[in-house]
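Worksheet for the structure shown next.
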Amino acid sequence: MHLSIRDDGPSQYAYRAFGLYLSDGTLFAVYSQPDVILDKSAAASMLLTADVRFQKIDATTLVFGDTYWLNPPATETVQGVLEIADRAEAIAGTDHTRALTPAGVRRSWMRDSAKAPRLPSSNRF
């Protein structure tokens, strides 16, 4: 079983041990070591993964609760996963959920040459 532990909060800490608890509060597993496992700063997200191997278990008896997508959809304030707009979507310019590449931005600006931004000839990049 592969587990992921995530903390996006503003806390700052170092830890040398962690425990896994069952939904009824029973301590299921503990890992510890003398050296620091991870230092988390207030500005950082912490992501820790752990693998648990069961020697003998009926897998049909395992029940999992909520699951979370570790790569959230990107927004203007959250880093995450996004979809790149295709040519038609870039030209239409009506989709609020897809991103444009520089080429897509140029195509959308150039779809109508009368609307294309013009710089005076004295301005050079």
Residue in the range 93-105 that is modelled with pLDDT of 80 or more, within 30 Å of Leu22 (Cα to Cα) and within 19 Å of the chain's Cα centre (by Cα) present: no
Total residues in the range 75-92, condition modelled with pLDDT of 80 or more and over 30 Å from Gly9 (Cα atoms): 7
Inter-residue pairs, beta-carbon under 7 Å, first without any contact (Cβ under 8 Å) to a residue 60 or more places away in the chain and in the range 26-53, second open to solvent by 90 Å² or more (accessible area, probe 1.4 Å) and among the aromatic types (Phe, Trp, Tyr), 6+ apart: Leu27/Tyr21; Phe28/Tyr21
So Glu83, is it without any contact (Cβ under 8 Å) to a residue 60 or more places away in the chain and either of a type in the set (S, T, N, Q) or loosely packed, with under 10 Cβ neighbours inside 10 Å (or both): no
Matching residues, the range 5-35, being open to solvent by less than 60 Å² (accessible area, probe 1.4 Å) and either under 16 Å from Phe64 (Cα atoms) or basic (Lys, Arg) (or both): Ile5, Leu20, Gly25
Qualifying residues in the range 36-67 (those that are open to solvent by 60 Å² or more (accessible area, probe 1.4 Å), among the polar types (S, T, N, Q) and assigned to a loop (DSSP other than H, G, I, E, B)) - the one farthest from Gly80 (Cα to Cα): Gln55
Long-range neighbours under 8 Å by Cβ, at least six apart or interchain, first residue over 21 Å from Gln55 (Cβ atoms) and free of Cβ contacts under 8 Å to residues at least 40 places away in the same chain within the range 1-21, second of a type in the set (D, E, K, R) and open to solvent by 70 Å² or more (accessible area, probe 1.4 Å): Tyr13/Asp39; Ala14/Asp39; Arg16/Asp35
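The values are calculated or read from the model by the stated rules, or taken from the named source; none is laboratory data. Fair warning: this is a prediction, and the values are worked out from it, not measured in the lab. Using ideal geometry, Cβ is built from the backbone for each residue, glycine included, and neighbour counts are taken over all protein chains shown. Only protein heavy atoms, including side chains, enter the accessible area calculation; ligands, DNA and RNA are left aside. Shrake-Rupley method; radii C 1.70, N 1.55, O 1.52, S 1.80 Å.
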